[in-house]
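These notes are about the structure you will find just below.
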Amino acid sequence: MTECDHSKTDNRNVWLFCAGLLAVAVTLFTVTGFHVALNTCIVLGSALFVGGLVTALLAQTMPGWPPLLLINAHLQQMTIGLAIMLLEYAASQSGRPLFDSVALRSDQALGYDWKIYLGFLHSHPQLSAVLDVAYDSLGLQMSLVLVALWLWRGSASLHRVVIGNGVILLITTAAFALWPVTTAWVHLHSSAAELHGLGLRAGGGWPDQLLLLRNGAGFDVNSGSNFAIIGFPSYHTAAAILMLVSTWPLRVLRPAAVAWTGLIVAATPYNGGHYLVDLICAPPVVAVGVVVAGRCFPKSADTVGAWPWFHALLLAETPRLFGQLANMAGSITFRSSVRRE
């Protein structure tokens, strides 16, 4: 079997994993009584269908084209993202009692006071603004990590990210089904005035969505629903750490990766409403995901990635591109001079 055949087989196996994960998510989502609005189904289904169709056509017409690996990895991550949305809703129907009192006591035993931390961030609006951006940048981080691995580490590293992310999803949703939590301020019934003093809004957000679901309402899911209701352990933290671990072999990216991941994790108690224990329990989850993914696609299978192809493309196309830009600039200058005359 050639290297190209191995790559196709590996990619097919990863797609089988993603499809199986999505099938489990759809089944549990349906069994627990949820249903999605038709327009939302069309939007989500169309994105995956069109992406898959384009990828299949490219694979037939341009087999071995390096960007196909990157496109595939993004589509696989999209599939897992859809599975996350469905599984977390199904997990909300476990019927297990809320775990907030235990989580809060654990935080207190560790010396963490959520009011002090949130008050500190609220008194430093510039830092708070940076953390707002960082928290919302997880999707961008994932995408850029895939690009970096595609360029310098090859297909096996991309497969590890996808498999690791899928394993993390399974563990976090299963744990959340067993030990559901909201937030400290929801659990303690903090007043609107107190929340305002900490830069928080009273009501709304994912905790209210979770409580609504636990009370037997909100089963009509649409594009306006909150799709981020996993509390314990923090999926946001686990996914960010997975991205850091995945890029660790790329030394030139380590400082930026550490800083970016650190900002995302620091933002999670405020923007995601997490307990400290939610964050602490994320690294063991990542460790399991990394081990499983590493067994499936060992690092010994890593290659030089697509950089030689991309570098050659740059060398070939950059002079032509600059030539076209120069011609355009010259044409614009000529037209301007003619008009002035």
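Points worth noting:
- Just one residue in the set SER101, SER128, SER143 is closer than 21 Å to VAL181 by Cβ and touching a residue at least 40 places away in the same chain (Cβ under 8 Å); that residue is SER101.
- Residue list for the stretch 113-153, filter: surrounded by 15 or more Cβ atoms within 10 Å (Cβ to Cβ) and assigned to a loop (DSSP other than H, G, I, E, B): SER137, ARG153
- Filter pass, ALA267 being surrounded by fewer than 22 Cβ atoms within 10 Å (Cβ to Cβ), at pLDDT below 95 and assigned to a helix (DSSP H, G or I): no
- The stretch 157-202, residues that are under 30 Å from LYS299 (Cβ atoms) and hydroxyl-bearing (Ser, Thr, Tyr): SER157, THR172, THR173
Condition check ((1) in contact with a Lys or Arg (Cβ under 6 Å, 6 or more places away or on another chain); (2) at pLDDT below 90; (3) under 26 Å from VAL145 (Cβ atoms); (4) hydrophobic (A, V, I, L, M, F, W, C)) across all residues:
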position	(1), (2), (3), (4)
ILE241	no, no, yes, yes
ALA256	no, no, yes, yes
GLY272	no, yes, yes, no
TYR275	no, no, no, no
CYS281	no, no, yes, yes
LYS299	no, yes, yes, no
SER331	no, yes, no, no
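- The set of residues in the stretch 67-77 being farther than 15 Å from ILE163 by Cβ and without any contact (Cβ under 8 Å) to a residue 40 or more places away in the chain consists of LEU68, ILE71.
- The stretch 125-184: number of residues that are more than 12 Å from ALA73 (Cα to Cα), of a type in the set (D, E, K, R) and out of contact with any Asp or Glu (no Cβ under 6 Å at 6 or more places or on another chain): 2
- Enumeration of residues in the stretch 172-202 that are among the aromatic types (Phe, Trp, Tyr) and more than 25 Å from the chain's Cα centre (by Cα): TRP185
- Scope the stretch 93-143; condition in contact with a His (Cβ under 9 Å, 6 or more places away or on another chain) and of a type outside the set (A, V, I, L, M); matching residues: ASP100, SER101, SER128, TYR135, SER143
- For the stretch 262-306, filtering for residues that are within 24 Å of VAL14 (Cβ to Cβ) and of a type in the set (S, T, N, Q) leaves 2.
The values are calculated or read from the model by the stated rules, or taken from the named source; none is laboratory data. None of the values given here were measured: they were computed from a predicted structure. As a convention, Cβ positions derive from the backbone with ideal geometry for all residues, glycine included, and neighbour counts pool all protein chains shown.
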